[in-house]
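Presented below is the structure to which this report refers.
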Amino acid sequence: MSTNKYTIGLDFGSDSVRALLVNVGTGEELATSVHYYARWKQGKYCEPSKNKFRQHPLDYIEGVENTIKSVLSQVDESVKNNIVGIGIDTTGSTPVAVDKAGTPLALLPGFEENPNAMFVLWKDHTGIKEADEINDLCSKWAIDYSKYEGGIYSSEWFWSKILHVSRADKQVLDAAYSWVEHCDWIPFLLTGGTNVEDMKRSRCAAGHKALWHESFGGLPPNEFFVALDPMLDGLTDRLFSETYTSDISAGTLTQEWANRLGLSTSVQVAVGAFDCHMGAVGVNIEPYYLTKVMGTSTCDILVAPKQETEHLVKGICGQVDGSVVPGMLGLEAGQSAFGDIYAWYERLLSWPIKEIIGQSDLLDEATKAKLIDEAIGNILPKLNEAAAKEPIGASGELALDWMNGRRTPDANQNLKGVISGINLGSTAPKVFRALVEASCFGAKTIADRFISEGIPIKGVIAIGGIAQKSPFIMQMMSDVLNMPIKVVKSEQACALGAAIFGAVAATIYENTEAAMDAMGSPFEKVYEPKPENVSAYQEVYKRYISLGVTIEKHIMKNL
């Protein structure tokens, strides 16, 4: 394999977009760049207390241009001239209303500051009521259209968000010709799409979040959606029936984007997919190895040969042919909050630091700013150190990891987080330990569901900043799961997976498996479960399950 060809992986996360430049022959990561969304950073268009999270398409456009230009500035002309492909992954389900040309409404006059005309981020749960209605209709319909998505439709997904926004904003409803996923729009944008009906839709997004399946002939029929709400009449005709795996090219860069980025119009742009699915490709996933992408939330990905996994797994985020590796069945699960829980706790503890030091007259402004940054930057590292010294189960503090609802098993976004067992001896490290234990217990419920449904787990692979930076959390995860966990070396596994698909779309490799073998990331560390901890965590885990049953009954009874 020639080592003078290169691809770029674009990884759109919740807070930022990352670009990674990779040698297709060796998998060497030559350059990387991160762009933080300016409007998102300001908190614009979001209401966290209402679980409302929207993102402006301009944040994404600026991110594409800035990150790619940045990585190109780090290499010489011989590299720039030999870039052959771009792969794209995004969060999901993150849909947006578009006109017939495929332009997000927020980019059109009159909609620039309308959150309903923007991308509805994956963790937006404003469509809880609509998800409940979809689940009710699926249970009554002749065909349960949710059966390939775990049998429970979530407010995090495509149709819940479309229905909620359409009901909430007639202006958007009337102007929306169609709706598209973030991972579908970026390739469409870069390749100069002008008609949304020509957009190549991601198999990954459609199968896991939009009720699409080959056995249905595509999406559920129009009469299903009319029964859900008459305002959806005719929308399926303006959506899609065909879907594509990410080894397929969506087209080549337009002259405009080639000029803006400093690339050639011969660069192939792969069909997009969700970040976690591409992360699994970046680590050369094998059948029945659970790949955990541990970020603000977690996404757990498993692949299996189609012929070996014919039954449906209840309560997960779906099982879709080709959603991860073309030709294999991709199964998805995950937690709605993981790193977000730790970030919330950090914000909680940092409030007095910002307020008291920030208003102090004893220090000049520059010193105050440095002191605040230093103090806040040390909160989580110090909590990790102190919590690690606490006994398993601390002093009885026990938490539930449902701060943003429950994704799997058995999606329920009505649920809320809980911290119980607090007493006058409870300290910040004890509570933090309870939160970390809850995060790991939530992961165990997912592994237990796969196993109880007949899907073996041969091993666990961990991706993400938490996996690489917190031995405390990773050792606890290994102990709770009672499984070894391999931590990936690459800090940009999702972007690497996107770059791998960029290479396949550019026909550098015949198939995805060959590209993974050549470009996939190695592992840098393995956590082994400590036998003396496994049984102790099992006892606390029983309390976690019991508390969860009690709280869920209480919350659902009082809705």
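Give the Kirkwood hydrodynamic radius (Å, one decimal) of region 496-537, defined as one over the mean of 1/r across all pairs of different Cα atoms.
12.7
Would you compute, for the Cα atoms of the chain, the largest minus smallest coordinate along each principal axis and list the three values in descending order, in whole Å?
64, 59, 56
Count charges around LYS80 for me, please; just the other residues with Cβ under 13 Å from its Cβ, Lys/Arg as +1, Asp/Glu as -1.
On the way: positive: LYS5, LYS69; negative: ASP76, GLU77.
Summing Lys/Arg as +1 and Asp/Glu as -1 gives 0.
Among 317-325, 286-294, 68-76, what's the highest-first ranking by average C-beta atoms within 10 angstrom per residue?
317-325, 286-294, 68-76
Helix-only mean residue ellipticity at 222 nm, the chain, DSSP H runs n ≥ 4 weighted -39,500 (n - 2.57), per residue, nearest 500. What is it? Working shown, then result.
Details: 19 runs with 220 residues, N = 559.
Calculated at 222 nm, the ellipticity per residue is -12000 deg cm²/dmol.
All other residues with a Cβ under 10 Å from the Cβ of PHE523 taken together, and with Lys, Arg as +1 and Asp, Glu as -1, what is their net charge?
Surrounding charge for PHE523 is +2.
Enumerate the whole-percent occupancy of each 10 Å bin, from 0 to the last occupied one, for all C-alpha pair distances of region 154-242.
So the P(r) values, bin by bin, are 15, 50, 32, 3.
Once phi is turned into θ = phi - 60°, what whole-Hz ³J(HN,Hα) does the Karplus curve with 6.51, -1.76 and 1.60 give for every residue of region 178-183, x standing for Gly and Pro?
8, 9, 9, 7, 3, 5
DSSP beta bridges in the chain, what fraction antiparallel, as a percent rounded to 5? Display every interim value, and only then the final one.
Numbers: 49 of 69 bridges.
DSSP beta bridges in the chain are roughly 70 percent antiparallel.
Answer with one residue from PRO104, VAL75, TRP141: the one whose Cα lies farthest towards the positive end of the charge dipole of the chain, charges on Cβ with Lys, Arg +1 and Asp, Glu -1.
Value computed over the given set: TRP141.
Full-extension gain between ALA258 and PHE216, please, as 0.36 nm times their residue separation minus the C-alpha to C-alpha distance.
Extra length available between ALA258 and PHE216 comes to 11.2 nm.
Over all directions, average the projected area of the Cα convex hull of region 134-287 and note it in nm².
That works out to 10.8 nm², a quarter of the Cα hull's surface.
Taking all pairs of distinct Cα atoms, average 1/r, flip it, and tell me the Kirkwood hydrodynamic radius of region 417-559 in Å to one decimal place.
One decimal place: 17.8 Å for the Kirkwood radius.
Can you give the charge dipole size of the chain about its Cα centre, rounded to the nearest 20 debye, using +1 on the beta carbon of Lys and Arg and -1 on the beta carbon of Asp and Glu?
Details: 50 positive and 69 negative charges, 221 e Å.
Charge dipole, the chain, about its Cα centre: 1060 debye, nearest 20.
Given a cut-off of under 8 Å on Cα pairs at least six residues apart, what relative contact order in percent is computed for the chain?
In percent, rounded to a whole number, it is 17.
Hey, what do the phi angles of region 542-549 turn into as Karplus ³J(HN,Hα) couplings, whole Hz, using 6.51/-1.76/1.60 and θ = phi - 60°, x for Gly and Pro?
4, 5, 4, 4, 5, 4, x, 4
Compute the distribution of all C-alpha to C-alpha distances in region 114-195, in bins of 10 Å from 0, and list the percent of pairs in each, rounded to whole numbers.
17, 41, 32, 10, 0
Taking every eigenvalue of the Cα gyration tensor of region 218-290, multiplying by 5 and rooting it, what semi-axes result, largest first, whole Å?
33, 23, 10
Note the per residue figure in Å³ for the convex hull of the C-alpha positions in region 448-510.
In region 448-510, the Cα hull volume divided by residue count equals 119 Å³.
Can you give the convex hull volume per residue for the Cα atoms of region 272-431, as a whole number of Å³? Each step should come with its number before you reach the end.
Values: hull volume 28.3 nm³, N = 160.
With only Cα atoms used, region 272-431 gives 177 Å³ per residue.
How large is the direction-averaged shadow of the alpha-carbon convex hull of region 285-366, in nm²?
Taking the Cα atoms of region 285-366, their convex hull projects to 8.2 nm² on average.
If you average over every viewing direction, what projected area does the convex hull of the Cα atoms of region 338-479 give, in nm²?
Details: hull surface 42.7 nm².
That works out to 10.7 nm², a quarter of the Cα hull's surface.
Which cross-chain or sequence-distant (5 or more) residues have an amide H under 5 Å from the amide H of PHE523, H modelled 1.01 Å from N in plane?
It is LYS489, by chain and number.
Report the normalised scattering of region 514-559 as log10 I(q)/I(0) at q = 0.21, 0.28 Å⁻¹, calculated by the Debye formula with identical scatterers on the alpha carbons.
The calculated log intensity ratios at q = 0.21, 0.28 Å⁻¹ are -0.78, -0.97.
If contacts are Cα pairs under 8 angstrom and at least 6 residues apart, what is the relative contact order of region 122-209 in percent?
Once divided by the residue count of region 122-209, the mean separation gives 29 percent.
Which Cys residues of the chain have no other Cys beta carbon under 4.7 Å away?
CYS46, CYS138, CYS183, CYS204, CYS317, CYS440, CYS494
For LYS140, which lysines qualify as cross-link partners when the Cα separation must be under 26 Å and same-chain residues fewer than eight apart are set aside?
Here the lysines satisfying the reach criterion relative to LYS140 are LYS129, LYS161, LYS209, LYS314, LYS553, LYS557.
Taking a threshold of 26 Å on the Cα-Cα distance, which of the pairs LYS170/LYS416; LYS469/LYS530; LYS430/LYS530; LYS147/LYS306 fall above it?
LYS170/LYS416
In whole Hz, what ³J(HN,Hα) sequence does region 403-408 give by Karplus (6.51, -1.76, 1.60; θ = phi - 60°), x for Gly and Pro?
These are the phi-based 3J(HN,Hα) values: 4, 10, x, 10, 7, 8 Hz.
Just order 432-438, 156-162, 553-559 by mean Cβ neighbour count inside 10 Å, highest at the front, would you?
With the highest mean Cβ count within 10 Å placed first, the list reads 156-162, 432-438, 553-559.
Along each of its three principal axes, how wide is the spread of alpha-carbon positions in region 403-456, in whole angstrom units, largest first?
44, 25, 13
Readers should treat all values here as calculations from the given coordinates under stated rules, not as data from a laboratory. Remember, predicted model here, so these are calculated numbers, not experimental data. Positions of Cβ are generated from backbone atoms using ideal geometry, with glycine treated the same way; all protein chains shown enter the neighbour counts.
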